[in-house]
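Asks: First the structure, then my questions, so here it is.
Here, each number is a calculation from the coordinates, and none is a lab measurement. Source: prediction; values computed, not measured. Cβ coordinates were reconstructed from backbone atoms using ideal geometry, including for glycine residues, and neighbour counts include every protein chain displayed.
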Amino acid sequence: MSMLTPPGLGGKYRITGNKYPRMRRGRRRSKIVLALIASLAAVGLLGWGSLQLIDVFTGGDKANAAGRKHCTTASATASQAAGAGASASPAAPGSAEKLPKPGQITVNVFNATTRSGLAKDTADELKKRGFKIGKVGNATPQYDKKVKGPGMLLGSTSAMGGALPVLGTQLDGAQQRADTRKGAEVDLIIGDGFKSLATRTAATKALNTLAHPAPPPPKKSC
């Protein structure tokens with residue numbers, strides 16, 4: 001064995017001339033590194049492909065631009081509608097014309113309680129408030145002692161959108177029902193829960209609100 005031979009290598013590796021033994025790197029480590037690089041590349045390609053598919057089916061930036069344009073147009077339309085509504089506010093009393101005036105409503109007042117005098121007193125007060133008074137007396141057996149609330153308002157089907165709501169402003173909590181009558185007269189049947197008519201101030205405020213309801217808030221389209 002030569003003195004220049006590295007220890008542990010025996011006589012297999014001898015240094016001759018200017019050549020030295022070279023140790024090879026493990027191939028397994030190189031394969032692992034290459035596999036990791038390939039995996040990362042595959043993930044990147046999959047992500048890019050998914051984005052391309054999303055753009056194809058949704059229209060990409062064009063769809064977003066169209067959505068923004070739609071929102072802007074809808075907002076502008078809502079603003080224009082609000083402005084038109086504000087300019088048309090003087091015409092709002094036209095909706096009040098659909099409601100009859102108290103003087104155009106004939107009310108029959110009936111007492112369904114055991115307390116005497118309620119029908120007459122209530123009829124007198126309604127007359128002072130401008131209503132026409134028809135019949136005054138006790139309720140029929142169909143309703144006598146069977147109305148538990150403050151009162152019940154009865155009228156024809158057409159009265160449900162006019163005379164009954166107007167009369168309802170005079171008595172809080174009164175039920176409103178339509179029956180088979182053909183005439184324009186309406187009934188106020190006083191119930192067990194009746195204490196008094198609404199105050200004139202409260203009734204006037206309720207009538208104004210009924211005649212001029214607040215406009216609904218604009219719908220948000222985006």
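Asks: Provide the gained length on full extension for the span His212 to Leu40, in nm with one decimal, where the gain is 0.36 nm per separating residue minus the Cα-Cα distance.
Replies: Stretched out fully, the His212 to Leu40 stretch lengthens by 55.1 nm.
Asks: Let's see if you can work this out: charge +1 on each Lys and Arg Cβ, -1 on each Asp and Glu Cβ, no other charges. What is the dipole magnitude of segment 171-216 about its Cα centre, in debye to the nearest 20?
Replies: 140 debye
Asks: Another question, if that's okay. Where the only charges are on Cβ atoms (+1 Lys, Arg; -1 Asp, Glu), what is the dipole of segment 100-188 about its Cα centre, to the nearest 20 debye? Mind showing how you got there, number by number?
Replies: On the way: 14 positive and 8 negative charges, 16 e Å.
Charge dipole of segment 100-188: 80 debye, to the nearest 20.
Asks: Sorted by average packing, counted as other Cβ atoms within 10 angstrom per residue and highest first, what order do 148-160, 131-143 take?
Replies: Ranking, from highest mean packing down: 148-160, 131-143.
Asks: Calculate the spin-label point distance for Asp144 paired with Gln104, positioning each point 7 Å from the Cα along the beta-carbon direction, and give it in nanometres.
Replies: Between Gln104 and Asp144, the simple spin-label model gives 3.6 nm.
Asks: Still on this structure, I have one more. Only Lys, Arg, Asp and Glu count, each charged at its Cβ (+1, +1, -1, -1), so figure out the dipole size of segment 136-222 about its Cα centre, rounded to 20 debye.
Replies: Value, rounded to 20: 320 debye.
Asks: Report the full-extension gain for the segment Ser116 to Thr180: residue separation times 0.36 nm, less the Cα-Cα distance, to one decimal in nm.
Replies: Full-extension gain reported as 20.2 nm.
Asks: Based on the mean of other Cβ atoms within 10 Å per residue, sort peptides 196-204, 120-128, 209-217, 101-109 so the most packed one is first. If you can, show how the numbers build up before the last one.
Replies: Details: 196-204: 14.2, 120-128: 16.2, 209-217: 10.8, 101-109: 17.9.
My ranking of the peptides, most packed first, is 101-109, 120-128, 196-204, 209-217.
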